1. How large is ³J(HN,Hα), in whole Hz, for each residue of segment 341-346 in order, when computed from phi with the Karplus curve 6.51 cos²θ - 1.76 cosθ + 1.60 and θ = phi - 60°, using x for Gly and Pro?
2. For q values of 0.06, 0.09, 0.11 Å⁻¹, compute log₁₀ I(q)/I(0) with the Debye formula on a Cα-only model of the chain, without solvent.
3. In sequence order, what are the phi-derived ³J(HN,Hα) couplings for segment 347-362 according to the Karplus relation 6.51 cos²θ - 1.76 cosθ + 1.60 with θ = phi - 60°, rounded to whole Hz, with x for glycine and proline?
4. Could you tell me how far the Cα centroid of segment 1-48 sits from the Cα centroid of segment 110-174, in Å?
5. Suppose the Debye formula is applied to equal point scatterers at every Cα of segment 39-93; what is log10 I(q)/I(0) at q = 0.22, 0.24 Å⁻¹?
6. Once you place label points 7 Å from the Cα toward the Cβ at Leu137 and Thr61, how far apart are they in nm?
7. Obtain the nm distance between the two label points defined at Gln299 and Thr71 by a simple spin-label model: each point lies 7 Å from its Cα along the Cα-to-C-beta direction.
8. Quick one: which residues, 5+ away or cross-chain, put their amide H under 5 Å from the amide H of Leu236? H built at 1.01 Å from N.
Amino acid sequence: MTHVFHRHSRTTPPRAARGEGAYIIDTDGKRYLDGSGGAAVSCLGHSDPEVIAAITEQVSTLAFAHTGFFTTEPAERLADRLIAHAPEGIEKVYFVSGGSEAVETALKMARQYFVETGEVTRTRFIARRQSYHGNTLGALATGGNAWRRAPFAPLMAESFHIAPCYEYRGIESNESLEDYGLRVANELEAELLRLGPETVIGFVAEPVVGATMGAVPAVPGYFKRIREICDRYGILLILDEVMCGMGRTGTLFACEQDGISPDIVTIAKGLGAGYQPIGATLCSGKIHDAFANGSGFFQHGHTYIGHATACAAADVVVSKLTEGGLTARAAEMGDKLDAALRASFGDHPHIGDIRGRGMFRGLEIVADRETKTPFEPERAINKKIKAAAFEAGLICYPMGGTIDGRLGDHVLLAPPFILEDAQIGELVDKLSMAFAQVIG
Ligand code: PMP
């Protein structure tokens, strides 16, 4: 009997005892291949000696100093390193403790920016249907995931949602990728005109949609068009790279592959790589300067901003992702993972789509490949496949995704970038076994 509030299970789950590279070992000695890096977190794997050394050194020198009084060397070093690799125009880093805090900060930063510029009629956000941007109330109110929002409605500030860029289910048979991208991006303009652009703060989106859709990248040209529309109507483009950032898709920031720069970008998960809880909201000079030249204050903050130990750990993580070449490895091994998934599941009667970038891959499960009809949610196929994989010693991303609130339509993989060829084989074999057990 334990007093821990287990969120995912009514019974006590196995006790994780140790981490070793791409594996987690429980107290019974069972080994699990971490095919989802926890939740797209453990990009370096589980026992990285350099991160452990940096944490040990920092915690024994100065674990924490409150930003109300001090800055610290690790926070400055990490911010400089991130900005050196950030999309063009991004100049400042606001540290937080995780993904929801990073998104919450982005939303408040954007809102306060327009208070500073005097455009006080701008009070709402547009995001995409099915999107998830975090569980705090503001982030939840912005996301378009009906299932996540339902138990908490009515939410604080209602946002508006347009269709995601979802080639598999969205493209019409006679349409080119580019035409589809333009058509679906143009929904933003239509929604802005419907709402009145002077009432909108920004558009929030994940460049590659993770938890709710299963590693869905946008088609070429989509985000360029979105950027143009944001600029035309003076709204901010806020990219949520909490899951897809930090090398996960094969570039440090996922949006590099879309050829655009946001006004604000959020990161977390892979930034601390599971060694420390840390996130960050990165913003352009214009957003920072509005505060510096205006009230001089951003009236928002958390106790653990710029936590010295967390920053020291993340600094090693980012240096390994960049100078250390691990992001390039994510691109290379990600291509191998994609090829292995296609070899095993390409002809599977219940796999409708295999997609993703780098070490971020999704399989969409369907009842019928021709019609793309999903399984009935009651069959909980996805949950069963994950349970069978876990039993066989493979961890897949915990959530199943939703189609308008329906569970059970995809498997998301986000393994550590240190994965070896043999472990890609192990991952695909165990996943195939799980599929065979559940749907043949
Ligand atoms: N944004 C995205 C895109 C996410 O995937 C998540 C977490 N799954 C969050 C925000 C929230 O992050 P956290 O769980 O660290 O609060």
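Bear in mind these aren't lab numbers, they're just calculated from the coordinates by the rules spelled out. Values in this document were obtained by computation on a predicted structure and should not be read as measured data. A quick note on method: Cβ atoms are made from the backbone with ideal geometry, for glycine too, and the neighbour counts reach across all protein chains shown.
1. Listing the rounded values in order: 5, 5, 5, 8, 10, x Hz.
2. -0.24, -0.56, -0.85
3. Calculated HN-Hα couplings, in order: 9, 5, x, 10, 10, x, 8, 10, 8, x, 9, x, 8, 9, 10, x Hz.
4. Answer, in whole Å: 31.
5. -1.06, -1.08
6. It works out to 4.1 nm between the two label points.
7. Placing both labels 7 Å beyond Cα along the Cβ direction yields 2.5 nm.
8. Result for Leu236 returns Gly202, Phe203.
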